[in-house]
Amino acid sequence: MRALSSLLFVGLLAGSVAPASAQTAAKTDSLAIRKIYDEALLRGQSYDNLRYLCQKIGGRLAGSPQAALAVEWGKLTMEKAGCFDKVYLQECLVPHWVRGAKEKGQIIGNKGKSISVAVCALGNSVSTPNNKPLRAGVVEVKSLAELKALPDAAVKGKFIFFNRPFDDALIEPGAAYGAAGDQRRSGPAEAGRRGAVGALVRSLTAAHDNYPHTGTTSYGDTPTKVPGAALSTVAADQLSQLLAADPGLQFELEMSCQMLPDEKSYNVIGEVRGSTYPEQVITVGGHLDSWDLAQGAHDDGTGVVQSMEALRLLKAAGLRPERTVRAVLFMNEENGTRGGEKYADQARQNHETHLAAIESDGGGFTPRGFTVEATPAVFRKVAAWKPLLRPYLADELLPGHSGTDIEPLSEKVHPTALFGYKCDSQRYFDLHHTANDTFEQVNKRELELGGAAMATLIYLLGKYGL
């Protein structure tokens with residue numbers, strides 16, 4: 001039965017003639033998947049687990065005491081789930097950046113009048129000099145290329161204000177995020193390289209509100225590190241308008257963030273040994289760390305609880321994976337990716353065979369399907385499962401990025417396929433990296449449906465392989 005091509009499901013469910021064995025397989029799979037969804041919708045545990053993670057532990061930036069508590073919680077929760085053959089920790093060193101006192105930002109006009117605006121430090125940023133207020137003029141640009149074209153005299157001693165908004169014409173918000181993201185990742189480094197004193201970056205969101213969005217910035221080999229801060233979109237629009245009326249206005253920024261020595265932390269791993277092909281590994285995971293502004297609910301508490309729950313759902317439905325499955329709670333996705341790198345390094349050192357990896361890191365909204373990174377031949381095999389996912393409205397299987405934590409696996413152990421959990425993303429970047437990413441923003445039914453979709457994909461991968 002395992003050798004039977006899953007392409008037969010397509011013909012069967014489209015109404016064409018298929019062998020009796022294929023009909024039996026399709027019926028068996030349909031019933032199994034229904035059991036998974038019944039368990040998730042009637043007795044799902046993701047929502048309660050998320051409530052504890054968000055409300056009892058909260059924001060858990062790598063290296064923080066809260067991140068350490070989250071590791072303990074993840075291990076204990078997996079052990080209590082009763083569905084794993086073993087649960088263990090995988091040590092990794094992670095960066096330890098701290099935000100410090102609440103940041104302050106002010107627009108100061110030529111008559112000394114000031115307006116306070118919503119700002120926050122970008123992750124891994126340096127502080128303002130001596131943690132004191134830094135005041136300077138402002139130069140607005142829309143891109144790194146525009147900054148590069150400016151003469152040195154126009155840049156030196158100023159704040160560079162990167163004000164490129166989301167492209168709202170793009171249907172997928174993730175595409176707009178990717179297009180605007182270079183100003184946050186590289187803006188402060190390029191500003192320092194040109195002699196500016198700091199960088200102000202429009203928050204990466206289409207929402208028009210007063211929640212500044214943090215996120216990692218990288219200095220690379222820049223010799224001069226200058227502070228980088230995000231402005232809320234309301235603040236960015238206000239600064240742009242006032243700057244147009246008064247090019248001589250100044251901005252005052254105060255931040256006390258700092259980078260401390262690396263800290264020891266851990267990935268949390270729960271493993272179910274495959275009944276028939278234990279040497280073939282399927283990884284499913286999300287990242288346990290989060291930014292420190294809120295509770296890290298959608299980013300990525302939902303992915304963490306869904307990954308654990310997927311294995312519990314399979315056991316509750318009486319389904320033992322034929323391949324080994326690991327639920328991995330990765331540490332340090334947000335500002336270093338050390339956990340993902342360590343997991344891939346260890347897999348390579350152990351000469352493991354990885355069939356597939358799945359990551360949930362796009363929020364806990366209504367499931368739509370999965371993005372797939374695989375060869376065309378493997379993609380066709382996966383696409384044959386669409387009819388089984390269709391009744392649950394999770395049958396979108398599209399080429400696309402899978403996830404940051406599982407990316408290192410593709411370089412180091414070469415899995416046959418990588419998958420990214422795909423959900424309705426229209427609201428994700430309203431909350432992403434903000435103080436508004438709280439438990440109350442997550443819908444229980446949407447969250448539990450996502451865990452069921454992930455369990456379904458694991459079931460099919462475990463049974464049929466690729």
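The values are calculated or read from the model by the stated rules, or taken from the named source; none is laboratory data. From a predicted model like this one, the values you see are computed outputs, not experimental measurements. Every residue, glycine among them, receives a Cβ derived from its backbone with ideal geometry; neighbour counts consider all protein chains shown. Keep in mind that these areas ignore ligands, DNA and RNA; they rest on the heavy atoms of the full protein, side chains included. Shrake-Rupley method; radii C 1.70, N 1.55, O 1.52, S 1.80 Å.
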So, counting K/R as plus one and D/E as minus one, what does the shell of residues with Cβ under 14 Å around ASP345 add up to? -2
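I need the calculated FRET efficiency for the pair ILE115 and TYR52, taking r as the beta carbon distance and R₀ as 41 Å, to the nearest 0.05.
Values: r = 40 Å, r/R0 = 0.98.
Using R0 = 41 Å, I get an efficiency of 0.50.
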For the chain, with only Lys/Arg (+1) and Asp/Glu (-1) charged at the beta-carbon, what is the dipole magnitude about the Cα centre, in debye rounded to 20? 320 debye
Linear extension gain, LYS132 paired with ASP424, 0.36 nm per residue minus alpha-carbon span: 100.9 nm
Accessible area per residue, Å², the chain with all protein chains present, probe 1.4 Å: 40 Å²
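Restricting to DSSP H runs of at least four residues, report the calculated mean residue ellipticity at 222 nm for the chain, -39500 (n - 2.57) per run over all residues, nearest 500 deg cm²/dmol.
On the way: 16 runs with 167 residues, N = 466.
Computed ellipticity for the chain at 222 nm equals -10500 deg cm²/dmol.
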Calculate what fraction, in whole %, of the accessible area of the chain sits on carbon and sulfur atoms when a 1.4 Å probe is rolled over the protein chains. 52 percent
Obtain the radius of gyration and the Kirkwood radius of the stretch 108-244 from its C-alpha atoms and give Rg over Rh. 0.94
What percentages, rounded to whole numbers, describe P(r) for the stretch 329-466 computed over all alpha carbon pairs with 10 Å bin width beginning at zero? 12, 39, 35, 14, 0
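What's the extension gain from LEU89 to ARG445 if we count 0.36 nm per residue and subtract their Cα-Cα distance?
On the way: separation 356, 0.36 × 356 = 128.16 nm, distance 3.04 nm.
That pair, LEU89 and ARG445, stretches by 125.1 nm at full extension.
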Nearest 5 percent is fine: what portion of the DSSP beta bridges confined to the stretch 99-240 is antiparallel? 35 percent
Can you grab the distance from the C-alpha centre of the stretch 117-150 to the C-alpha centre of the stretch 334-353, Å, no decimals? 34 Å
Convex hull volume of the Cα atoms in the stretch 400-459, per residue, in Å³? 112 Å³
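At 37 °C and a viscosity of 0.692 mPa s, what translational diffusion coefficient does Stokes-Einstein give for the stretch 53-100, taking Rh as the Kirkwood radius over Cα pairs? Give it in µm²/s as a whole number. Please report the intermediate quantities before stating the final value.
Working: Rh = 12.1 Å.
Taking Rh from Cα pairs, D becomes 272 µm²/s.
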Residue (of SER275, ALA435, THR224) at the positive-pole extreme of the chain, dipole from beta-carbon charges: SER275
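So if we plug the beta-carbon distance of ASP168 and GLN23 into 1/(1 + (r/R0)^6) with R0 = 35 Å, what FRET efficiency do we get, rounded to 0.05? Working shown, then result.
Numbers: r = 47 Å, r/R0 = 1.35.
Result of the calculation: an efficiency of 0.15.
Take the cross-link list LYS264/LYS444; LYS35/LYS381; LYS75/LYS315; LYS113/LYS142; LYS142/LYS225; LYS80/LYS444 and give me the ones stretching past 30 Å between alpha-carbons.
LYS264/LYS444, as the Cα separations exceed 30 Å there.
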In angstroms, what radius of gyration and Dmax does the stretch 26-149 have, counting Cα atoms only? 24.2, 76
Quick check for me: using +1 on Lys/Arg Cβ and -1 on Asp/Glu Cβ, what's the dipole size of the stretch 238-393 about its Cα centre, in debye to the nearest 20? 1360 debye
Using C-alpha positions alone, give me the convex hull volume of the stretch 260-393 per residue in cubic angstrom. 138 Å³
Taking every DSSP bridge whose two residues both lie in the chain, the antiparallel percent to the nearest 5 is 55 percent
Please compute, over every Cα-Cα pair in the stretch 91-144, the percentage with a separation greater than 17 angstrom. 55 percent
Treating each Cα of the chain as an identical point scatterer and ignoring solvent, apply the Debye formula and state log10 I(q)/I(0) at q = 0.08 Å⁻¹. -0.49
Within the stretch 319-333, backbone nitrogen closer than 16 Å to the virtual label 7 Å beyond the Cα of SER410 toward Cβ: none
